[in-house]
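For reference, the structure is listed below as structure tokens.
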Amino acid sequence: MNILERFLNYVNIDTTSNPELEENPTSEGQIKLAEMLIKELKMLGLEVNYDDVHNYVYAVLKGEENLPKIGFISHLDTSPAAKGNDIKVNIINNYDGEDVLLANATINSKTYPDLKKHVGKTLITTDGSTLLGADDKAGIAEIMTMLEYFKNNNEEHGDIYVAFTPDEELGISTLHFNTTLFNPDYAYTVDGESVGEISYENFNAASAEIKINGLSTHTGYAKDKMINAIRIATIIQNMLPLEIPENTSEYDGFYHLESLSGNVESARLKYLIRDFDKENFENRKEIIRNIVKNLNEIYDNSIELTIKNTYKNMYDIMKDNMYVVNSLKKAILETGISYEIIPARGGTDGCELSFKGIPCPNIGTGGHNFHSVLEYTTLEDMIKSSEVLINLVKDTKDVKVKTMRLWCLFLKKKRTIWFFLIFKDFYKYVKSYFKSVMPYHAIIYYKIVVFYYSDVF
């Protein structure tokens with residue numbers, strides 16, 4: 001099965017996540033896609049584990065023990081921001097660079113100048129009434145194509161871990177993620193946009209829900225009695241800084257009013273809060289708290305605020321694990337394309353996993369205009385993205401982690417933590433002794449041990 005066939009099979013399944021639910025999986029279609037992938041993975045010879053309660057798929061293609069273990073992740077769901085069922089795929093061969101006229105919409109080449117980069121390619125869209133689902137079914141297709149390559153070619157590699165997660169679009173994809181079943185040395189989420197894109201920074205993220213309890217009375221006799229919930233909602237919105245997605249880019253943070261509903265008696269606002277900088281992020285949450293606090297003093301505590309943190313900026317972890325990024329740069333260049341470092345103005349599974357001990361930056365899939373009926377990808381870019389994944393696996397033999405793990409293989413099996421603790425506590429004495437005997441080997445040995453056991457602490 002080629003990558004296009006895979007992709008079309010996957011997008012044919014409606015996997016729209018449901019924001020009204022808070023437990024994985026939030027839609028039946030995600031289960032259907034998971035079951036399809038499990039069959040394919042088993043046919044490719046992978047060891048598969050399936051969490052049938054929460055709909056997580058884990059698999060590993062076994063490799064050489066002396067090489068680093070690498071992992072890849074994509075998510076099963078598609079965004080509820082646009083319709084995701086009854087998708088009618090539109091394939092345009094040899095794209096000419098002009099406006100893309102769909103049955104129900106137009107992708108304007110001036111509004112979306114990246115279209116010009118795809119002249120001559122095979123453009124894949126919908127009819128303009130639904131999203132395509134390249135986010136993240138393009139990533140899934142690319143991972144599966146990479147696995148097929150190594151299944152069919154006798155090339156040296158370490159263990160290749162893959163995971164497919166539910167409800168990433170709702171920020172709950174790692175809610176029940178099992179790092180015992182997915183346990184590589186490092187990993188990549190295949191969930192970005194342009195091919196060659198690298199992201200190892202992302203927003204700190206939170207959601208805010210504001211409920212307003214109003215009091216309705218006859219409008220002719222409402223003075224000093226009525227509490228108009230929907231009017232208070234507009235006051236809250238107007239008190240926030242005008243830092244919104246439409247006005248921001250790159251490292252700018254924002255407040256995003258996701259929904260507003262209600263009437264005089266009750267109203268509800270839902271916000272997304274985003275910022276790369278931790279201090280600014282906390283300040284944004286505090287601004288909302290203060291607005292609610294001040295208005296509650298006026299409107300008799302009629303406003304309820306709930307803030308939930310969603311994910312953190314992975315840069316806090318990645319800055320000390322840049323070998324993962326450097327390996328990706330190399331793999332992209334080997335594919336014959338250039339790479340671009342961009343901050344991820346969103347979140348991925350890799351955000352949370354990085355903080356769980358698996359450094360996990362994000363890779364572009366070749367898709368564009370995600371969460372929109374104007375979403376598109378190209379066949380050529382999906383092929384290139386799968387080649388990047390293949391090169392990443394091939395290059396594990398050159399990754400710095402390999403050297404350290406080879407030095408520490410004898411420790412790997414038993415995880416002799418007690419030895420490390422003793423060695424660490426008495427290092428100053430050991431160092432002073434070896435200074436006169438063999439300082440180089442003593443220091444190197446110590447650094448190897450510390451590196452290997454750093455994840456324990």
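Every read-out reported here was derived from the displayed coordinates using simple, explicitly stated rules and does not represent laboratory data. Everything numeric here is computed off the predicted structure, so don't read it as measured data. Cβ: placed from backbone, ideal geometry, glycine included. Neighbour counts: every protein chain shown.
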Which whole-Hz ³J(HN,Hα) couplings does region 248-263 yield from phi under the Karplus relation 6.51 cos²θ - 1.76 cosθ + 1.60, θ = phi - 60°, glycine and proline marked x? 10, 7, 6, 9, 6, x, 6, 10, 10, 6, 7, 7, 9, 9, x, 8
What are the semi-axes of the equivalent ellipsoid of region 204-311, taken as the square roots of 5 times the eigenvalues of the Cα gyration tensor, listed largest first and rounded to whole Å? 29, 13, 11
Evaluate 2.2 N^0.38 Å with N set to the residue count of the chain, then give the Cα radius of gyration divided by it. 1.12
Overall Cα dimensions of region 104-181 - principal axes, largest extent first, Å: 46, 36, 19
Going through K69/K270; K69/K137; K39/K330; K42/K384; K69/K312; K69/K384 one by one, the pairs whose alpha carbons sit over 31 Å apart turn out to be K69/K270; K39/K330
Would you please classify the overall shape of region 67-140 from the alpha carbon gyration tensor, given that a ≥ b ≥ c denote the square roots of the eigenvalues, rounded means a/c under 1.5, and beyond that prolate means a/b larger than b/c while oblate covers the rest? oblate
Determine the sum of side-chain charges near K394: Lys and Arg each +1, Asp and Glu each -1, restricted to other residues whose C-beta is under 11 angstrom from that of K394. -4
Cα-based Rg of region 37-171 normalised by 2.2 N^0.38 Å, two decimals: 1.29
Ratio of region 267-338's C-alpha Rg to 2.2 N^0.38 Å, to two decimals? 1.82
For region 157-204, just say rounded, prolate or oblate: build the C-alpha gyration tensor, square-root its eigenvalues into a ≥ b ≥ c, call rounded for a/c under 1.5, and beyond that prolate if a/b exceeds b/c, oblate if not. oblate
Please give the charge dipole size of the chain, origin at the Cα centre, charges +1 on K and R Cβ atoms and -1 on D and E Cβ atoms. Round to the nearest 20 debye. 1820
Please list the non-local residues whose amide H lies under 5 Å from the amide H of Y188, H modeled 1.01 Å from N, same-chain partners needing a gap of 5 or more. G71, F72, I73
Want the number for L101 to K39: 0.36 nm per residue separation, take away the alpha-carbon distance, what's left? 18.6 nm
Per 5 Å bin from zero, what fraction in whole % of the C-alpha pairs of region 121-226 is there, up to the bin with the longest pair? 2, 7, 12, 15, 16, 11, 8, 6, 4, 4, 4, 4, 3, 2, 1, 1, 0
